[in-house]
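S.K.: Dropping a structure here in structure tokens format, bear with me for questions.
We did not get these values from a lab; they are worked out from the coordinates using the rules stated. Given the structure is predicted, the values throughout are model-derived calculations rather than measurements. Heads up, the Cβs are rebuilt from the backbone with ideal geometry, glycines too, and the neighbour counts pull from every protein chain shown.
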Amino acid sequence: MASTILQQKGAGEDAVVVVGAGIAGLAVALGLHRKGVKCSVLESSPELRASGFAIATWRNALQALDALGVGNKIRKCHLHLQEGPNEMLCVRRDWLLRALEEELPEGTIRYSSKIVEIEEDGDAKILHLGDGTILRSKVLIGCDGVNSVVAKWLGLAKPSYSGRLATRGLACYPGGHGFDPKFKMFFGHGFRVGVIPCNDTDVYWFFTWSPSEHDDDALAKKKQFVLTKLRSAQIPTEVLEVVERSEAKHVLTAPLRFRPPVSLLLASISKGNVCVAGDALHPMTPDLGQGGCAALEDGVVLARCLGDAILGGSGAESERIEAGLREYARIRRWRSAELIGTAYAVGFMQESSNGVISFLRDNWLAGALQERADGREIVIAGAGLAGLAVALGLHRKGLRSLVLESSPTPRTSGFAFITWTNAFRALDALGVGDKMRSQHQQIQRLSVMSSATGEIVQELDLRVEGKRGPHEARCVSRTALLLALEEELPRGTIRYSSKIVSIEEHGNDKILHLSDGSTLRAKVLIGCDGINSVVARWLGLAKPSDSGRTATRGRAKYPDGHGFEPRLLLLVGQGFRAGMLPCNNTDVYWFFTWSPSPDGKDVDKSAAAMKQFVLTKLRSTNVPPQVLEAVERSEMNDVLAAPLRFRSPLSLPFASISKGNVCVAGDALHPTTPDLAQGACTALEDAVVLARCLGEALLLRTGDGAAEERRVEAALRRYADARRWRSAQLTGASYAVGFVQQSDHPAVGFLRDKLLSGVLAKTLLMMPDYDCGTLSSSATPMEGSNVEGIVIAGAGLAGLATALGLHRKGVRSLVLESSETLRASGFAFTTWTNAFRALDALGVGDKIREHHVLYERLVAFSASTGEPAAKVSLKMQGKSGPHEIRSVKRNFLLETLENELPEGTIRFSSKIVSIEEEGNVKLLHLADGSTIRAKVLIGCDGVNSVVAKWLGLPKPILSGRSATRGLAEYPAGHGFGPEILQFIGQGFRSGVLPCSDTSVYWNYTWYPSPDDGDAEESVAKMRSYVLAKLTAAKIPVEALDVIERSEMSDVVSSPLRFRSPLALVRGSISRGNVCVAGDAFHPTTPELGQGGCAALEDGVVLARCLSEAFLADGAEHDPGYEAVTAALEKYAEERRWRGIRLITAAYVVGFIQQSNNPVIKFLREKFLSGLLAKTMITMADYDCGKL
């Protein structure tokens, strides 16, 4: 066997040398090690360097770390700032470097080894080190940072100064920082600052800005300079505290440099057996937090390409290595250019203090740059039972909310509560009922004992049948329930240490002022902030009244088991009411309520005094010894006392439970005495009813903003009407029961013990025999209905392509189309090479080719001169074969796709208006009132996608341009050649494209202005407007004839919209068993002619990923939620950057082509026309693969 270069090393020779032991260098080395390839890493410093302290580590980086085998090691020691498809951590750089180093063989890294010069000796590279030693290398990989010696040797341009500086720091809190696991960022005023917790004790911060001549001392003063800047802006005090806390050694400042992305497109990323990675390849500004992440990506891709070249294949090894490095460079070139360009643009927008840019950023672009910090749709005050239950109910409905909790941690006052049948019905609706059942004993009976005589005066079976099924009661740990609710919520839903102190109105929005000085804007405000509710006070609800009674509650722990039977023992009379019941095998909950007297004024000063008071009272009566033992056994921190207050039931029938977009729930609505044990149970009922009412209003998504406001107000009124009398009934009944049970009046005692005890006990069962319903609009809306496997919303190109791809794989789907027939808006679209590869994969490519003209060239004319500015042959060879471009009639393609599908696949007149969750199944509510259940939902429902909105993708934004499209028919033949004619400049872009021998498609895009008058009022006026514009320019008469010849029914006009590519960087393309494709995913301007093409690519990739899950065992089966989720995440990651690239390139090409600016016009017509035309071909040279 021929020896490899790894077996040919001589003295002083290393096969693979990696320069730099930073993130990229160690990632490459570890990737090669995992492949079984040895390498040496040369590091110029004497030890690992961790400049920068920490890095934002996004999902792409974590996937790379998983590939390297260290992902879970990193996750374990850092806080999760986001979960799921957009997983994110803030990773300490030194910990990451150590984690990578620990996985490498000893001796891999050679410290204090700085390369000063590189020479060639045949294929080998001679490396001269700073200490005078020399090394020979067969492969050289430069990971030596922004001042890379290897990059310089390759001829890469020096990184440019961005004109900005960055100060970074690390604050350490040995006792814990207490920050929520959130990435907080503030921008504007000429700077950008962020605070991110790494773990429980370390917080990373950064500050970037553009220095001025007055900032000469910024580098010297560092921290003080940052603090001065921040204090001059409205930055929360906790951010200032983090900066102040940072030690001087944990603060550094450096200029920000980047490699211009244009230079990378033509640069030598690799040459022979040399290449670069990490900052040596793509130094960038930190505005996307992708520098370190991209370095990890480089490491995995490079190790894969190089490892495969070294370890296998035919041909000379040196040639394989060169080809492997070329493949790495091809993969990473565009990715690097995209990241650098996007990061620079984002940073410029975020930091700018320019008035116009600030206005655009704060009003339109902030959502694309990051989620706005000061605006939330739904804000819930209070993270108690009601607040978390409402948040979870809304989450189950697909709606996000923010919960503000005034305390720094979850509060669990009361220890436990009796959870009756009605509460378990609510918990089942929220999806946590069985979790609570598994942790707590079912209480089987109620024993009511007279504390005067010690006799049982009433016994009741608590498992008897109620009106809606058997009763059930358990004593549930308040902590366990709060944690169960919190665990089901998306991370970051709850914001602790956030106390609302006042509420203002701003139009329909509510401005919430918090105690830390910050403000929040809410479109809906729900007060679940307890008995002293700020929201209830704002609504004008009367203050709760003092009942004249106090309650002491406690918990006794029996580590070896308590041995008590599962019953609720209730003691009544003698001026108090007490009870005891087990929660589980080791915990027992007890309570004692009484009416304080002047003699007992000091009993509630301490837990010890209170406990002694309760014991004294109980010992003076005939109470069973196990009750006394439970009280005695309770630790001081497990005993608490509080006065009992309630809202008068007479005030509730006329009170403002809701007003506009504000309402209350839980103790903020109906504080009650605990005598029916219904306070918490009713709070859970409130949550289900409120989430149902509000969810229906917000998910309807019809009409404008004012219509939604009216729906929200009506929904909260429905909630208030549903809960008003239930609350009044419970509050009144509870007060009455407590009065009778506790009284020591002889007559009341006699009646209670002899006549009323049975009535009182049965009242305990009657009040819980209530069903608040489910989160859907009826209690059992879907019983007996079938569940569809895969539902596709939209019968456009993406929807039908996905359905056909699945059909080809043997997987069935249902396509819901809102219109009555197939819609072919746009008439035709340019179908490039990539689209035909997708159509071939779907089995319809040849059918489309038969009916449409194959183009041979593209001619771009200047609209100013009438001269051809560029001619590009379309018969050239691409990476995967010859190019082919046709203009395909949209209706012909849609009908072709439809004809290949099984009959009944498409259901017309089926418009989805809202989406709900029922476990993992999605409930699709249609405009006709029907409902469909889906195990998988794919949104191909266009630019105004309901599914994209449900996923949280921001609305597409107006490009500021409009497009008119038309189709001209020539029954006797049009005489145009097989070529695309483009006319650019003069503020417009127009094209003429023959589809077949008799049909010609044309388009015209422009920037509308007030001078256009009523051009868009009708098709006739629009056609006249286009003709007038083109006639004024130097456009050939045959092109004008095409437009004049078009029938009115064959002309359509619409504004051009696109989804900000920045929004797709972090956007949820998929979530669980839901995803989007086509225009629902990547609406784009038409300059590259790639909108329809990319939709066909989506269809093939999505059908491939999804069918792999459905056909894992060779035949169609239910793959389960986790397998579907993984398949859709795979699709999303494969398509994310393709979508971003197409949107960005289309927008830039359109801007250049249409511009009237003299400089851009000169560059376009003299230099850029050919480049723009070739860009269209480059973007089409893509293969989405087979099914």
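S.K.: If each of GLU565 and ASN72 carries a label point 7 Å out from its Cα toward its Cβ, how far apart are those two points in nm?
M.R.: Taking the simple label geometry, GLU565 and ASN72 are separated by 4.8 nm.
S.K.: Quickly work out the SER597-to-ALA1126 label distance, labels modelled 7 Å from Cα along the C-beta direction, and quote it in nm with one decimal.
M.R.: 7.0 nm
S.K.: Can you give the net charge of the other residues whose Cβ lies under 12 Å from the Cβ of GLN444, counting K and R as +1 and D and E as -1?
M.R.: Result for the local shell: 0.
S.K.: Using the alpha-carbon atoms, what tilt in degrees (0 to 90, nearest 10) does helix 23-35 show relative to the longest principal axis of the chain?
M.R.: 90 degrees
S.K.: How far apart, in nanometres, would the label points at ASP121 and THR453 be if each is projected 7 angstrom from Cα along the Cα-to-Cβ direction?
M.R.: 10.9 nm
S.K.: Which entries in the list LYS499/LYS543; LYS152/LYS875; LYS76/LYS229 go over 27 Å, if you measure between the two C-alpha atoms of each?
M.R.: LYS152/LYS875; LYS76/LYS229
S.K.: Moving on. DSSP beta bridges in the chain, what fraction antiparallel, as a percent rounded to 5?
M.R.: Within the chain, antiparallel bridges account for around 75 percent of the total.
S.K.: Give me, ordered by chain and number, the residues 5 or more places off VAL913 or on other chains with an amide H under 5 Å from its own placed amide H.
M.R.: HIS925, LEU926, ALA927
S.K.: What aspartates and glutamates does LYS871 reach when the alpha-carbon gap must be under 13 Å and sequence neighbours fewer than 8 apart in one chain are set aside?
M.R.: The reachable aspartates and glutamates, counting only those whose Cα sits under 13 Å from LYS871, are GLU856, GLU979, GLU1165.
S.K.: For SER1049, project a label point 7 Å along Cα to C-beta. Then give me every residue of the range 873-914 with its amide nitrogen under 17 Å of that point.
M.R.: Of the residues in the range 873-914, 890-892 have backbone N under 17 Å from the label point off SER1049.
S.K.: By how many nm would the segment from LYS955 to GLU1038 grow when fully extended, if each residue of separation counts as 0.36 nm and the alpha-carbon distance is taken off?
M.R.: 25.9 nm
S.K.: Let me ask you something else. Plugging the Kirkwood radius over Cα pairs into Stokes-Einstein for the range 608-722, at a temperature of 4 °C and a viscosity of 1.567 mPa s, what D comes out in µm²/s?
M.R.: Rounded to a whole number, D works out at 73 µm²/s.
S.K.: Using DSSP to call loops (not H, G, I, E or B), can you name the GluC sites (Glu not before Pro) in the range 874-967 whose Cβ has at most 13 other Cβ atoms within 10 angstrom?
M.R.: When the GluC sites (Glu not before Pro) of the range 874-967 are filtered for loop state and at most 13 Cβ neighbours within 10 Å, GLU903 remain.
S.K.: Could you point to the label whose value was computed as percent of Cα pairs over 52 Å apart for the structure here, given (1) 41; (2) 35; (3) 59?
M.R.: (2)
S.K.: Going by C-beta contacts inside 10 Å, put ARG463, ARG1045 in order with the fewest on the left.
M.R.: Fewest-to-most Cβ neighbours within 10 Å comes out as ARG463, ARG1045.
S.K.: On to the next question. Give the residue list of chymotrypsin sites (Phe, Trp or Tyr not before Pro) in the range 999-1100 that are DSSP loop and have at most 10 other beta-carbon atoms within 10 angstrom.
M.R.: none
S.K.: For the Cα atoms of the chain, what angle does the longest principal axis make with the long axis of helix 385-396, in degrees from 0 to 90, nearest 10?
M.R.: 30 degrees
S.K.: Let me ask something else about it. Starting from the Cα-Cα distance between GLN626 and HIS513, subtract it from 0.36 nm times their residue separation and give me the gain in nm to one decimal.
M.R.: 35.7 nm
S.K.: First select every other residue whose beta carbon is under 12 angstrom from the beta carbon of ARG330; then total the charges, Lys and Arg +1, Asp and Glu -1.
M.R.: Counting the neighbours of ARG330, the net charge comes to +3.
S.K.: Hey, can you grab everything whose amide H is under 5 Å from the amide H of ALA828? Only 5+ residues off in sequence or another chain; H modelled, so Pro and N-termini drop out.
M.R.: Those lying under 5 Å, H to H, from ALA828 are ARG890.
S.K.: Oh, and also: Just rank TRP725, TRP1137, TRP153, fewest to most, by other beta-carbon atoms within 10 angstrom.
M.R.: Ascending number of Cβ neighbours within 10 Å: TRP725, TRP1137, TRP153.
S.K.: Can you tell me the orientation of helix 890-899 relative to the chain, as the angle in degrees between its alpha-carbon axis and the longest Cα principal axis, to the nearest 10?
M.R.: In the chain, helix 890-899 runs at an angle near 60 degrees to the longest axis.
S.K.: Let me ask you something else. Over all directions, the average projected area of the alpha-carbon convex hull for the range 375-766 comes to how many nm²?
M.R.: 19.3 nm²
S.K.: Please report, in cubic angstrom per residue, the volume enclosed by the convex hull of the alpha-carbon atoms of the range 89-235.
M.R.: 189 Å³
S.K.: Can you spot the lysines whose alpha carbon is less than 29 Å from LYS949's alpha carbon? Ignore those fewer than 8 places along the same chain.
M.R.: LYS182, LYS184, LYS397, LYS510, LYS523, LYS659, LYS911, LYS922, LYS935, LYS1130
S.K.: Tell me which lysines have Cα within less than 21 Å of LYS1029's Cα, excluding those fewer than 8 residues away on the same chain?
M.R.: LYS1021, LYS1161
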